[in-house]
Amino acid sequence: MDPVTHGIIGLGISALSGEPTSINPITIGSVLGAMSPDIDIVVKYWGDYKYLKHHRGPTHSVISLIGLSLAITTGLFLIVSDYSFFRIFIWTFLGCLSHTFFDGLNSYGVRPFMPFTKRKYLANLLMLYDPILTVLSLALVFLNANRITKTIVAVAALSVYIAFRLFMRRKVQRFIRDKYDLDLSKERLYILPDLMNFFKWDYIIKSDDYKIVGKINFINNKEQIITKLSHSNHNLIQEAHSTQLGTYFKEFTSSIIHTEVTVDDDKTVLKLIDLRYYLKDNFMHHATIEFNNEKEHISSIFHPYKIDKQILVEKNI
């Protein structure tokens, strides 16, 4: 989710404090807290490979949220001392916590319990940008009511919205399952929110023999098949997935990937495709891993955001 939306959510959270909607430590702390976990953008200085590897990792963990909240609260308390440190900290921490919570509701996911575990949590419910959350947050700011009423409205509205998104996903899941007569004990079905369209959902069917990637409209069940992919049993696939880039790519994509194999005269090229995000007639993230005829690893190249962007991760001469 983008930083501006997070900041607006923080503004909505501060409206529950009972403080007037103005520039004060509670409002500033909540807004800054809601945006602060994305401080990991500084890693972009070292390139997209490092950034995507660490994004939504350490700075989105509960331990970091506490640290970020303490740092922001200390700065605000030194400037405006007529608010209690603890009160500023609580609302700043709620802002921080909202960031990790809402990031966990989309298909990118977060790792909230680092460094104890790298497990990624993702609910596949919300788009990376969600306009409804923006509207609900701003509505809290302008709602003329006491804090108890605002809190009840906020919890009720958010619960109804998440329940509706769950309903949408389950309806789409049932439709795809029935249409393709899927046996979910043998085949995997992923339902993901579309990147841009509120009413569209992406789906990925994964079996031992094939994968189908498509989009479906919640309103009219209109379906668009993006691609059908045949599964390969090439003996170098497991080897490719075990390389530094292969391991990284599986973790980054939550293993929602496809591997294409091309055998040339002097080498075998394996292309790993992240099936989660399809934009402008292509999947967003790719990786290329090459082996020579002796099955020795030659190179690994990461293609973030578009296929023609290349980052050399490993090269063995």
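A few remarks follow.
- Selection within the stretch 32-62 - under 19 Å from I301 (Cα atoms), among the charged types (D, E, K, R) and in contact (Cβ under 8 Å) with a residue 60 or more places away in the chain: D48, K53
- Of all the numbered requirements in (1) in contact (Cβ under 8 Å) with a residue 12 or more places away in the chain; (2) exposed (fewer than 15 other Cβ atoms within 10 Å of the Cβ), D178 misses one, and that requirement is (1).
- Of note, L195 satisfies the criterion of being in a loop (DSSP other than H, G, I, E, B), of a type outside the set (K, R) and in contact (Cβ under 8 Å) with a residue 40 or more places away in the chain.
- Number of the exception - N146 against (1) closer than 27 Å to I219 by Cα; (2) open to solvent by 40 Å² or more (accessible area, probe 1.4 Å); (3) of a type in the set (S, T, N, Q): (1)
- Of residues in the stretch 1-34 being farther than 16 Å from H60 by Cα and among the small types (G, A, S), the one surrounded by the fewest Cβ atoms within 10 Å (Cβ to Cβ): S22
- Of the set (1) in contact (Cβ under 8 Å) with a residue 40 or more places away in the chain; (2) in contact with a Lys or Arg (Cβ under 8 Å, 6 or more places away or on another chain), all apply to H231 but (1).
- Residue selected from the stretch 232-287 under the condition among the β-branched types (V, I, T) and either in a loop (DSSP other than H, G, I, E, B) or surrounded by 20 or more Cβ atoms within 10 Å (Cβ to Cβ) (or both), by the criterion farthest from the chain's Cα centre (by Cα): T268
- When the residues of the stretch 44-63 are filtered to those that are modelled with pLDDT of 90 or more and more than 16 Å from the chain's Cα centre (by Cα), the one that is most open to solvent (accessible area, probe 1.4 Å) is I63.
- Sub-7 Å Cβ pairs linking a first residue in the stretch 65-78 that is closer than 12 Å to P25 by Cβ to a second residue that is among the polar types (S, T, N, Q) and open to solvent by less than 70 Å² (accessible area, probe 1.4 Å), at least 6 apart or interchain, are I72/S36; I72/T92; T73/T92, ordered by first then second residue.
- I226 meets the conditions (1) over 27 Å from F302 (Cα atoms); (2) open to solvent by 30 Å² or more (accessible area, probe 1.4 Å); (3) assigned to a strand (DSSP E or B); (4) not charged (D, E, K, R) in every case but one. The failed one is (1).
- Some residue of the stretch 136-150 being touching a residue at least 60 places away in the same chain (Cβ under 8 Å) and either farther than 24 Å from T27 by Cα or within 17 Å of the chain's Cα centre (by Cα) (or both): no
The values are calculated or read from the model by the stated rules, or taken from the named source; none is laboratory data. Keep in mind that this is a model prediction, so the values were computed, not measured. Quick reminder, even Gly has a Cβ in these numbers, built from the backbone with ideal geometry, and neighbours come from all protein chains shown. To get the accessible areas, we keep the full protein, side chains included, count just its heavy atoms, and leave off ligands, DNA and RNA. Shrake-Rupley method; radii C 1.70, N 1.55, O 1.52, S 1.80 Å.
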